[in-house]
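Accompanying notes for the structure given below.
Nothing in this text is a laboratory measurement; each read-out follows from the coordinates by a stated rule. Remember, predicted model here, so these are calculated numbers, not experimental data. All Cβ positions, even for glycine, are placed from backbone atoms using ideal geometry, and neighbour counts span all protein chains on display.
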Amino acid sequence: MEKQLEHKIKEAFQKQDESFDYEKKDELWNRISGHVSRAKVVPAFWRVAAVILALIAFGVAFAAISISQSQSKKIVEVNYQNLKLKNIIDSLQSVNPEKIVETQYIEKEKIVYRKIEQLSDENETADIEIKSFEKEILNLNEILKNTSSELQFTRDSLKIAFANIEKLMNRNINEPDYKGPNFKLKTERVKDQLQTEQMESSPKMKVQLFKIQDSNMKFDMNSTLLKK
Amino acid sequence: MNTEKQIIKCIKGDSKAQKLLYEKYVGLLFSTVLRYLKNETDAEDIMLQAFLKIFSSLKEFQFINEQAFIAWMKKVAINEALMFKRKEFSMIYKLENIDEIQDLVQVSPEIVNERELIELIEQLPDGYRTVFLLHVVDGYSHKEIGESLKIAEGTSRSQFFKARNLLQKKLGDDYGKAIGT
């Protein structure tokens with residue numbers, strides 16, 4: 001019974017659907033066709049966009065290839081440069097490094113604190129004794145020095161005296177019999193410079209000795225020349 | 001024109017063929033949509049969406065016969081209508097809980113006028129009516145109804161039985177009195 005009812009309901013609706021006449025179907029079609037045409041435009045737009053995108057992609061690919069080629073060229077160049085630099089580094093590494101010797105003089109450190117350990121009493125007395133001995137030695141040294149200087153002086157004076165005695169003795173022995181007039185030549189003053197040069201004997205400076213017949217006549221040259 | 005050839009032309013984008021196809025089936029589809037929506041303006045919007053979807057999905061459809069083609073187009077249109085009312089339905093199936101109808105009067109379908117039967121169904125609450133129409137008129141299983149309306153299969157089933165009971169009550173009220181039961 002329920003099934004029959006359901007079947008009848010189904011049939012009723014099917015009949016209604018089949019017999020239904022929609023009045024505004026032209027208006028609805030206009031809306032649908034508008035949407036369909038717009039939907040057709042969209043793929044056309046996408047086709048154009050796809051073409052443009054393809055062109056862009058081609059351009060990008062071409063650019064990428066050219067860039068990669070240039071990059072590879074650059075890489076080769078850089079590798080060459082790198083090799084060159086490596087060679088330079090190797091050559092520089094093989095060179096012996098220059099040795100620089102630096103001498104520094106450092107001032108001696110100043111003594112800030114000095115610890116002197118106290119000696120024991122025995123050491124102290126020994127030290128005093130040593131010091132007194134040292135003083136004594138110093139005094140004796142002084143005396144010795146004075147004595148030796150006195151001795152030296154005495155020896156010098158004795159030498160002079162002895163030389164004088166010797167001179168006197170030599171004069172008495174070597175003195176000739178000549179009894180002519182005694183005269184002495186004044187010492188000639190010459191400069192050291194002139195002494196070094198070879199001097200020609202001046203005729204004016206020649207001294208001639210003449211024997212005087214008259215024994216009474218005394219010719220004292222020193223008295224004339226030196227105004228004695 | 002043969003329907004299959006017409007479909008092929010539509011797939012190629014022939015606007016004349018599309019118009020012919022539209023004119024041939026617009027009444028049927030509009031009637032189908034309208035029994036779910038009850039509002040002509042909403043039904044027109046749904047029809048627009050449905051036909052756009054039909055034209056764009058034609059290349060995916062494998063033509064067997066015209067009945068299958070009509071069933072496919074109906075399904076597309078009904079799905080669009082259900083999608084439109086899905087939010088509304090989710091609320092309806094939570095709130096509609098009519099008390100169990102007892103003392104049903106059994107009425108013979110033979111004595112019921114088709115026009116009056118349709119009017120009785122249109123008087124049913126929205127949730128009941130949709131499930132009842134989907135199951136009885138358009139041949140949806142409860143599983144398909146559940147998937148289409150995003151409700152549980154059990155809910156669809158219970159809604160259907162409640163709709164049938166309510167309909168029988170209404171029939172009993174109307175025809176029981178008339179035949180003096």
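Along the stretch B:13-24 the Karplus relation, 6.51 cos²θ - 1.76 cosθ + 1.60 evaluated at θ = phi - 60°, assigns HN-Hα couplings of x, 6, 5, 5, 4, 5, 5, 4, 4, 4, 5, 5 Hz to successive residues, with x for each Gly and Pro. Taken about its Cα centre, the stretch A:19-130 carries a charge dipole of about 2240 debye when Lys and Arg each add +1 at the Cβ and Asp and Glu each add -1 at the Cβ. Sorting A:Val60, A:Val95 by the number of Cβ atoms found within 10 Å of their own Cβ, with the fewest placed first, yields A:Val95, A:Val60. Within 10 Å of the Cβ of each residue in B:19-28, the mean number of Cβ atoms contributed by other protein chains is 4. Sorting the segments A:83-90, A:106-113 by their mean number of nearby beta carbons within 10 angstrom, highest to lowest, gives A:83-90, A:106-113.
Under a model in which nothing but the beta-carbon of Lys, Arg (+1) and Asp, Glu (-1) is charged, the stretch B:1-84 shows a dipole of about 260 debye around its Cα centre. What the Cβ-Cβ distance of A:Ala57 and A:Gln104 gives, at R0 = 56 Å and to the nearest 0.05, is a FRET efficiency of 0.15.
Please give the peptides B:38-51, A:149-162 ranked by average Cβ packing (other Cβ atoms within 10 Å per residue), highest first, as a rough proxy for protection. The partial results should precede the final answer.
Working: B:38-51: 19.1, A:149-162: 10.0.
Ranked from most to least packed, the peptides come out as B:38-51, A:149-162.
For the stretch A:127-176, the Kirkwood estimate of hydrodynamic radius, built from reciprocal distances between every pair of different alpha carbons, is 14.0 Å.
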